[in-house]
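Derivation of every value follows stated rules applied to the coordinates shown; laboratory data play no part. Bear in mind that the values here come from a model prediction, so they are computed numbers and not experimental data. Ideal geometry is used to build each Cβ from the backbone, glycine not excepted, and the neighbour counts take in all protein chains shown.
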């Protein structure tokens, strides 16, 4: 197991929420089998697992809902599957789906990371699962509206601006 994975699997302090985003930038270099082996203990120790459907295949065979169920049975409290036009949250209470904002993207670099940042900020703010997914989509939408991976990210007071119609007056 790579060193970064061994260190990431150390126990957290009581009350700490751990999250695992299954995308590992080095996965193509590792190969799918080695990436899956490296990710399994990270996902198993996480409270929240966030992945695309493709990334989720590194954690188990079958459709996303089946892999999510296995991760929940293994101790995760939530599995979030982001899929461009929609995201789903799986918990012990069931699944919720929220559609993404429709925008004309300028640059998709950083969209997934922005989605995760929005989701985790909603989790830390105590939002429910649907509101966390909406915030994640909002931050992801802001990210793709400008060039670069972080330049378009909104401040907290800008989160509601994504739904304004073009030419709307701001006060």
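Summarising the label geometry, the points placed 7 Å from Cα in the beta-carbon direction at residue 121 and residue 164 lie 1.7 nm from one another. Give the relative contact order (percent, whole number) for segment 102-162; include only Cα pairs under 8 Å separated by 6+ residues. After rounding, I find 42 percent.
Packing, as the average of other Cβ atoms within 10 Å across residues, places the peptides 79-88, 135-144 in the order 135-144, 79-88, highest first. Which residues among segment 120-143 fall inside the zone where the amide N is under 13 Å from a point 7 Å beyond the Cα of residue 156, along Cα→Cβ? Residues 121-127 fall inside that zone.
The protection proxy used here, the mean number of other Cβ atoms lying within 10 Å of each residue, ranks peptides 106-116, 124-134 as follows, highest first: 106-116, 124-134.
Note on segment 102-162: Cα Rg divided by 2.2 N^0.38 Å, N the number of residues, gives 1.01.
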